[in-house]
Amino acid sequence: MTITSVVGLQWGDEAKGKIVDLLTDEHQVVVRYQGGNNAGHTVKFDGKTYKLSLLPTGVLRPGVTAIIGNGVVVNPEALQKEIDTLRAQGVDISTNLLLSDRAHVILPYHVAEDGASERSYKKDAIGTTGRGIGFCYRDKAGRSQAVRVGDLYHPASLEQRLDGIVKSKNHVLSALDPEFQPFASSDIFALTQKYATALKPYVTDTVAWLHRAIKEKRNILFEGAQGSLLDVDHGTYPYVTSSNSSSAGIHPGSGVPERLIDEMIGVVKAYTTRVGGGPFPTELDNEIGQHIRDVGHEYGTVTGRPRRCGWFDAVAAGHGAKICGVDCISLMLLDVLSQLDELKICEAYEIGGERTTDFPAHVEDLANAKPIYRTIPGWKTDICGVTRLADLPAGARKYIDTIGELMEKPVKIVSVGPDRAQTILG
Ligand code: GDP
Ligand code: IMO
Ligand code: MG
């Protein structure tokens, strides 16, 4: 039995989807444990492109059981749409998807709250994906207004509770937005009952299911969404998502103790990107940043927003690696950096005249951090077809070694293109 975890070490979009898809080959079960349809993963193989958001990337492999764990927040509408899109592409997930009865449900008022809140904060907005993620997690922590998947199957008590919940939501939303059209609790209740029917084939106690799978010694893969620097506890708070998007989310979000994990793989891009607000010390607001955005197609899968681009930051990614306790690194999109004259890697920050490799807790300190760079000569050859580390140009090998040295972890996988086949296993 092998239990593996794949987790992003930066601000998301590290190409986790590609690695999860690749590793699913050796696993029978793939588990999402946090986040929701704020995630967006693009996976390419056999000339086809698949876009996944709420569904675990493992669904693309026939015979693999894909689990949406209890820590995920589920928008049933978005889930149904994704299932239909995949079916149209020839992927039928009807027999291999399981949804936790403990997962929380995103309802239309969560999306409205997200939008109204972001609009009201204007320049101080977090820059969320607008999917209602934070407001669903807020209700989860608050308890009295939360709706879990299991509640959909207890209609009498749900109908009664929704009355009070919707009244309270309408009250807050009207205060935030004078144009707001109140929700009718009968409409929301009717929606929940539609969802109850649509989700029924997938709903189960995934915690009990996973523990049976462990007993049967099946290989399990945990698929992180977002990245460690967006973790609500360990990321660049408050410019984070509302879940533990580092490996800290695995146990609470699945019911599987982290000590059972055999290998923790940290995924990093060969540079850094960020979508939404918040400090970004190595950001390149210049033509190099634009070059990386163009070559790497750095536009959000979920919202289409241009991703902010910058040099690789070993302090930030190193923080992610420590929090997650990774065993090794998977270095992605290295090919995007070909053609640059020279490359920079941030090895430390200068904050208030002091050099540090600690990642600051406060966003204002991070905003004041001046990156201290190591410069590495570029390589001007196309590496998209390279399949062995030894065949990479010297500059690229030096770049990989420097990242491994600064992060104090071995680089075991290098990706040189979006396709499954464009992967170098070290
Ligand atoms: P995720 O959210 O971490 O799964 O990452 P995304 O899918 O949002 O973003 C990664 C993007 O990079 C996707 O469009 C992938 O198809 C693409 N990609 C993955 N690996 C590589 C690579 O090695 N090189 C290039 N050029 N693109 C890649
Ligand atoms: P994947 O899984 C990149 C960012 C948003 C925003 C912040 C909070 O594709 O790596 P939220 O809607 O979660 O309340 O927004 O988090 N964000 C992501 N950035 N990749 C993601 O997912 C993200 N999911 C959320 O842009 O800054
Ligand atoms: Mg993404």
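The values are calculated or read from the model by the stated rules, or taken from the named source; none is laboratory data. This structure is a prediction, so every number in the text was calculated from the model and none was measured. No Cβ is skipped: glycine too gets one built from the backbone with ideal geometry, and neighbour counts run over all protein chains shown.
Criterion first (more than 16 Å from ligand 2 (Cβ to nearest atom) and over 19 Å from E223 (Cβ atoms)) does E287 satisfy it? Yes: the conditions hold for E287.
The listed residues are A213, A198, and the only one of them that is out of contact with any strand residue (DSSP E or B) (no Cβ under 9 Å at 6 or more places or on another chain), not aromatic (F, W, Y) and not in a loop (DSSP other than H, G, I, E, B) turns out to be A198.
When restricted to residues that are surrounded by fewer than 18 Cβ atoms within 10 Å (Cβ to Cβ) and touching a Pro at 6+ places or on another chain (Cβ under 9 Å), segment 66-90 contains 1.
Take the residues in segment 385-426 that are small (G, A, S) and at pLDDT below 95, then tell me which one is surrounded by the fewest Cβ atoms within 10 Å (Cβ to Cβ). Restricting to residues being small (G, A, S) and at pLDDT below 95, the top hit is A421.
Search segment 255-279 for residues being assigned to a loop (DSSP other than H, G, I, E, B) and away from ligand 2 (no atom under 11 Å from the Cβ), and hand back the single one that is nearest to I214 (Cα to Cα). Steps first, please.
Residues of segment 255-279 that are assigned to a loop (DSSP other than H, G, I, E, B), as a first pass: 255-257, 261-262, 270-271, 275-279.
In the following step, the residues that additionally are away from ligand 2 (no atom under 11 Å from the Cβ) were identified as 255-257, 261-262, 270-271, 279.
Working: G255: 12, V256: 9, P257: 11, I261: 11, D262: 13, A270: 34, Y271: 36, P279: 41 Å.
For segment 255-279, the residue satisfying everything is V256.
Filtered by the rule that a residue be crowded, with 22+ Cβ neighbours inside 10 Å, within 12 Å of ligand 1 (Cβ to nearest atom) and not hydroxyl-bearing (S, T, Y), segment 44-54 gives a lone residue, L52.
For segment 1-30, taking the residues that are of a type outside the set (D, E, K, R), over 24 Å from I214 (Cα atoms) and in a loop (DSSP other than H, G, I, E, B), the one that is nearest to ligand 1 (Cβ to nearest atom) is identified as A15. If you go through segment 220-257 and pick out every residue that is acidic (D, E) and in contact (Cβ under 8 Å) with a residue 60 or more places away in the chain, you end up with 2.
Please find, within segment 8-45, the residue that is farthest from ligand 2 (Cβ to nearest atom) out of those that are within 20 Å of S228 (Cβ to Cβ) and among the aromatic types (F, W, Y). In this case the residue turns out to be Y33.
Just so you know, in segment 54-65 the residues that are touching a helix residue (DSSP H, G or I) at 6+ places or on another chain (Cβ under 6 Å) and not hydrophobic (A, V, I, L, M, F, W, C) include one that is farthest from Q226 (Cα to Cα), and it is R61. Listed conditions (1) outside any helix (DSSP H, G or I); (2) more than 28 Å from Y50 (Cα to Cα); (3) away from ligand 2 (no atom under 16 Å from the Cβ) are all met by I329, apart from (2).
Does at least one position in segment 295-303 carry a residue that is crowded, with 19+ Cβ neighbours inside 10 Å, away from ligand 3 (no atom under 16 Å from the Cβ) and on the phi < 0 side of the Ramachandran plot? Taking every residue of segment 295-303 in turn, none turns out to be crowded, with 19+ Cβ neighbours inside 10 Å, away from ligand 3 (no atom under 16 Å from the Cβ) and on the phi < 0 side of the Ramachandran plot.
Only a single item in (1) modelled with pLDDT of 95 or more; (2) polar (S, T, N, Q); (3) more than 16 Å from ligand 1 (Cβ to nearest atom) is not met by S120, and it is number (1). Each residue in segment 119-153 was checked for being in a helix (DSSP H, G or I) and surrounded by fewer than 18 Cβ atoms within 10 Å (Cβ to Cβ), and 11 pass.
So is L176 hydrophobic (A, V, I, L, M, F, W, C), closer than 20 Å to E118 by Cβ and at pLDDT below 95 or not? I'd like the intermediate steps shown before the answer.
Working: hydrophobic (A, V, I, L, M, F, W, C): yes; closer than 20 Å to E118 by Cβ: yes; at pLDDT below 95: yes.
For L176, the condition - hydrophobic (A, V, I, L, M, F, W, C), closer than 20 Å to E118 by Cβ and at pLDDT below 95 - is met.
Consider R293 carefully, then state whether it is basic (K, R) and out of contact with any Ser or Thr (no Cβ under 9 Å at 6 or more places or on another chain). Before the answer, list the steps.
Details: basic (K, R): yes; out of contact with any Ser or Thr (no Cβ under 9 Å at 6 or more places or on another chain): no.
Considered against the rule, which asks whether it is basic (K, R) and out of contact with any Ser or Thr (no Cβ under 9 Å at 6 or more places or on another chain), R293 comes out as no.
Among the residues of segment 180-208, what is the count of those that are crowded, with 18+ Cβ neighbours inside 10 Å and closer than 30 Å to E258 by Cβ? Count: 4. Scanning segment 112-131 for residues that are closer than 14 Å to A39 by Cβ and small (G, A, S) returns a single hit, G130.
Inspect segment 334-341 for any residue being within 16 Å of ligand 1 (Cβ to nearest atom) and more than 24 Å from R397 (Cα to Cα) and give the result as yes or no. No, because not a single residue in segment 334-341 is within 16 Å of ligand 1 (Cβ to nearest atom) and more than 24 Å from R397 (Cα to Cα).
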